[in-house]
Structure formats: C-alpha cells, structure tokens
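A.B. asks: Following this message is one structure expressed as structure tokens.
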Amino acid sequence: MGFIIKLLVIYSLLISLCFADSSKQFDGMRKEIESGNANQLSTIEVASAPGTPVSGKGVWYSKDDGKPYFKNDAGTESDLTSGGGSGTVTGITATSGGTTTGATITLTGAGINTTSRSVDTITITGTEVDGSTTNELNIFTTPDANVTAGTAITIAQAGIITVTELGDTITFTGTEVDGSITNEINTITATSGGSTTGLGITLTGAGINATSRSGDTVTITGT
C-alpha cells in the first residue's frame, strides 16, 4: 500500500512540474485519487481562464460560473455546455399575437396543413384542396386583348349587362332596352318564298317602287 501511495505522490509532483500554470486544475484530481474516488474527476473553479497552452496542446478547466471550458493552443476558449443542438425554447409567437408559455409546445396542422415528425425533424405539409397548384385562376383575357395582372379580379357591368354574385356563382344578366325579347326583327319572308337570314336587312325598290328612310321609318313608294 505504501508503494502505491509513493507512486501517487511522484505522479502529482510530475504533474505540478509539467503544468505549473495549471496546477490548481489537477489538485482536485490528485485529492480524489488519494481519497480512493478514482472514478471521479474534479477540478477547482478559477475566476479567469488560464494562459494559452503550448502548440499542439489544450487545457480544460472550470470557472467560477460553474461551467467547464476548453482552451486550444490558439487561445480560443470554448464553453463545453453550449452548442451541440441543445437549448430551451422559451416561447413561440403566432401571427395572431399569442405566445406560448410552457416548455412543451404542440404544433397542430389546420386547413390544408398537416404536421409530421421523424426523430428531431418536424415537417409541415400544405396540400392543395384539389391536388393541383397549376389550376389557379389568376388571368382573364378580354376581347380587346388586354389581360388581368393580379389574382383579385373585378368584373364590371356596362350597357344592358348587370353582374351579381352569390357564393361561388357570378351571374351576368342582359336586359333588353325596351324590356321585350319578342319584338326583334330577325326574319322577313318575301312573296317569292325566300327569307332573310341576318339581322342587317336591306329593302330595295324595283319597278314602280322606291324606298326611302327617315329616322326609324322606311317608306316604300309605288309611282
């Protein structure tokens, strides 16, 4: 037993000689070994970081903030409790203005959105109601060859046309100027048996007949 204690003392002396500027860091480890707690590794907390270690070496230590640190030979100090993808979400604010208050947050899909999880990845998927993203109504082409530019399209009424909307139905209503759709001239049958086919009808005088017009009156005169 005495031989083992002597080896431990020699080991501690070597540590002190090789790392004079970090002797406090290994003092706790020496005490743990001497007390029989070889499965524990303790360091003494320091108020400030030790100096930069020599090239190719690094040093780890504890500061009086209760955290372990590591410093490489470039003098860069790293907090060993930070990074690594860990952390606590303290609150998520929704567009409605509400903010979560607990540490356990549930993401729920609504409307066309669904949520799924695989290990540490949460996926939010939005699916079109009809399954297509290419059939959206966003362009109207009018008879004058102009086209609409936005998705908010206004249909204006003019002349004898009125426009009404109910739910998803838009109705175009054309009303006759005189209120009647049965008094239109669309066919004239001649005594020869022939009939006109268009709305633009020409009355031509022949023989002793001549035609004249004044306003909406056509006069056929036989002389």
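A.B. asks: In segment 60-79, is there at least one residue being out of contact with any helix residue (DSSP H, G or I) (no Cβ under 7 Å at 6 or more places or on another chain) and at pLDDT below 80?
C.D. replies: no
A.B. asks: Within segment 143-195, can you find the residues that are of a type in the set (D, E, K, R) and out of contact with any Ser or Thr (no Cβ under 8 Å at 6 or more places or on another chain)?
C.D. replies: Those that are of a type in the set (D, E, K, R) and out of contact with any Ser or Thr (no Cβ under 8 Å at 6 or more places or on another chain): 144, 168, 176, 178, 184.
A.B. asks: When the residues of segment 90-115 are narrowed to those that are surrounded by 10 or more Cβ atoms within 10 Å (Cβ to Cβ), under 22 Å from residue 131 (Cβ atoms) and of a type outside the set (Val, Ile, Thr), which ends up modelled with the lowest pLDDT?
C.D. replies: Across segment 90-115, the extreme among qualifying residues is 109.
A.B. asks: Go through (1) in a loop (DSSP other than H, G, I, E, B); (2) closer than 30 Å to residue 136 by Cα one by one and return the number of the condition residue 187 breaks.
C.D. replies: Condition (2) is where residue 187 drops out.
A.B. asks: Still on this structure: Quick test of your reading of the structure: residue 87 fulfils all but one of (1) within 30 Å of residue 121 (Cα to Cα); (2) modelled with pLDDT of 85 or more. Name the failing condition by number.
C.D. replies: Of (1) within 30 Å of residue 121 (Cα to Cα); (2) modelled with pLDDT of 85 or more, only one is false for residue 87: (2).
A.B. asks: Can you give me the number of residues within segment 151-168 that are surrounded by 10 or more Cβ atoms within 10 Å (Cβ to Cβ) and either in a loop (DSSP other than H, G, I, E, B) or in contact with a Gly (Cβ under 6 Å, 6 or more places away or on another chain) (or both)?
C.D. replies: Final tally of qualifying residues: 5.
A.B. asks: Tell me, please, whether a residue that is farther than 30 Å from residue 216 by Cα and in a loop (DSSP other than H, G, I, E, B) can be found in segment 169-182.
C.D. replies: So far as segment 169-182 goes, no, none of its residues is farther than 30 Å from residue 216 by Cα and in a loop (DSSP other than H, G, I, E, B).
A.B. asks: Does residue 45 meet the test of being at pLDDT 60 or above, surrounded by 12 or more Cβ atoms within 10 Å (Cβ to Cβ) and acidic (Asp, Glu)?
C.D. replies: In short, yes.
A.B. asks: Conditions first: (1) surrounded by fewer than 10 Cβ atoms within 10 Å (Cβ to Cβ); (2) modelled with pLDDT under 80. Residue 139 passes all but one, so which condition is the exception?
C.D. replies: Failed condition: (1).
A.B. asks: For the structure I just gave you, tell me whether residue 148 is under 37 Å from the mean Cα position of the chain (by Cα) and hydroxyl-bearing (Ser, Thr, Tyr).
C.D. replies: Answer is yes for this residue.
The values are calculated or read from the model by the stated rules, or taken from the named source; none is laboratory data. Because the structure is predicted, anything quoted here is derived from the model rather than measured. For neighbour counting, all protein chains shown are included, and Cβ atoms are generated from backbone atoms with ideal geometry for every residue, glycine included.
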